[in-house]
Amino acid sequence: MNASNRVDLFGISIHDVTLPQAVKLILASLDGEKAACVFFVNADCVNLAYRDAEYKAILRDGDLVFADGVGMRLAARAFGAPLLDNVNGTDLFPELCEALSGSSRRIFLLGGAPGVAEQLRERMSDRWPGVVICGAHHGYFNEQDNERVIALIRESRADLLLVAMGAPRQEKWIAAYAEAAGVRAAMGVGGLFNFYSDRIPRAPRWMRTTGLEWLHRLWMEPARLWRRYLIGNAIFLSRIVWLSLFFRVTAKRNSIQP
Ligand code: UDP
């Protein structure tokens, strides 16, 4: 396993690794010189990337980019390059905390509604007392507050920054400011803070293992997520169909050329 096990999906270079391997890569990135940008790409992210060139370029330049969710696995299989695992931030988080337990690595939590990051900090201290959480801040701040937030993270001497502000805001923030914040690695983790602070219950295991977690999330937050999942999933599936047809036609054309 190394950081070069990459496959191209929708023009984004994905690290094709198992979840435990992804944890190891993230831990190794904490020894690096520059701030590593760690991103999780799901079907919604792909749809966003089609509309937002800046976001797509940031994903393309990510140091560690993992495929999150059943949609990405489906796409990879359809394109003839099945992925090893579903590497999503929410499943990876407890493994990462276990691995960091007892180490001197410091984590800063940035994102979520006011109070959520602090609540997560308390839950983490109960569950992983050996993990050092050096700061927490909500994710609803504007451009004018940026300098203050960056200084807060820098002064906390965090090694790992978790940014839970939703895509594409979190990835853009990481790409622009992770280096200035002085961290070794920054991860975009979406709604993770809500789950582990017990603010929103996560889908039962059977839904997660059968690829139905999105249905549970839709049930929990229909007003916010109906467009993402009902329309977004249909658009994503149509992208898979069109691209597979394109690959098939191109492969056929190449095979009959002299
Ligand atoms: N959020 C934030 N700042 C913003 C917008 C959103 O901190 O300006 C938070 C929001 O409170 C939520 C998370 O970002 O906790 C977005 O989660 P979402 O469910 O969209 O992410 P996903 O896990 O689906 O990628």
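The values are calculated or read from the model by the stated rules, or taken from the named source; none is laboratory data. Keep in mind that this is a model prediction, so the values were computed, not measured. Ideal geometry is used to build each Cβ from the backbone, glycine not excepted, and the neighbour counts take in all protein chains shown. We work out accessible area using only protein heavy atoms, side chains counted, and drop any ligands, DNA or RNA first. Shrake-Rupley method; radii C 1.70, N 1.55, O 1.52, S 1.80 Å.
A few points about this structure:
- Residue in the stretch 35-53 that is at pLDDT below 95 and open to solvent by less than 40 Å² (accessible area, probe 1.4 Å) present: no
- For the stretch 59-102, the set of residues classified as more than 11 Å from the chain's Cα centre (by Cα), in a helix (DSSP H, G or I) and hydrophobic (A, V, I, L, M, F, W, C) consists of 70, 72, 74, 75, 76, 78, 96, 97, 99, 100, listed by residue number.
- Residues considered: 156, 197. Of these, the only one that is in contact with a strand residue (DSSP E or B) (Cβ under 9 Å, 6 or more places away or on another chain), hydroxyl-bearing (Ser, Thr, Tyr) and modelled with pLDDT of 95 or more is 156.
- Qualifying residue in the stretch 89-109 (condition: small (Gly, Ala, Ser), modelled with pLDDT of 95 or more and farther than 24 Å from residue 27 by Cβ): no
- Filtered residue count, the stretch 172-188, keeping only those that are more than 10 Å from the ligand (Cβ to nearest atom) and in a helix (DSSP H, G or I): 9
- Residue tally, condition within 12 Å of the ligand (Cβ to nearest atom) and of a type in the set (Lys, Arg), over the stretch 189-226: 4
- Test: residue in the stretch 142-158 that is within 11 Å of the ligand (Cβ to nearest atom), at negative phi, open to solvent by 20 Å² or more (accessible area, probe 1.4 Å) and among the polar types (S, T, N, Q): yes
- In this entry, residue 171 is excluded by the filter for residues that are open to solvent by less than 70 Å² (accessible area, probe 1.4 Å), within 18 Å of the chain's Cα centre (by Cα), in contact (Cβ under 8 Å) with a residue 40 or more places away in the chain and more than 27 Å from residue 54 (Cα to Cα).
- The stretch 102-115 residues that are under 19 Å from residue 132 (Cβ atoms), paired with ones that are open to solvent by less than 40 Å² (accessible area, probe 1.4 Å) and among the acidic types (Asp, Glu) (beta carbon under 6 Å, 6 or more apart): 105/159; 106/159
- Evaluation of residue 93 against the conditions (1) within 19 Å of residue 241 (Cα to Cα); (2) within 13 Å of the ligand (Cβ to nearest atom) shows that the sole unmet condition is (1).
- Applying the condition of being within 17 Å of residue 117 (Cα to Cα) and within 13 Å of the chain's Cα centre (by Cα) to the stretch 159-168 and asking which residue is farthest from the ligand (Cβ to nearest atom) yields 161.
- Scoring residue 54 on the criteria (1) in contact with a Phe, Trp or Tyr (Cβ under 9 Å, 6 or more places away or on another chain); (2) part of a helix (DSSP H, G or I); (3) not basic (Lys, Arg) leaves a single failure, condition (1).
- For the criterion of being open to solvent by less than 40 Å² (accessible area, probe 1.4 Å) and within 13 Å of residue 39 (Cβ to Cβ), residue 186 passes.
- Residue in the stretch 236-247 that is within 16 Å of the ligand (Cβ to nearest atom) and either of a type outside the set (Ser, Thr, Tyr) or open to solvent by less than 90 Å² (accessible area, probe 1.4 Å) (or both) present: yes
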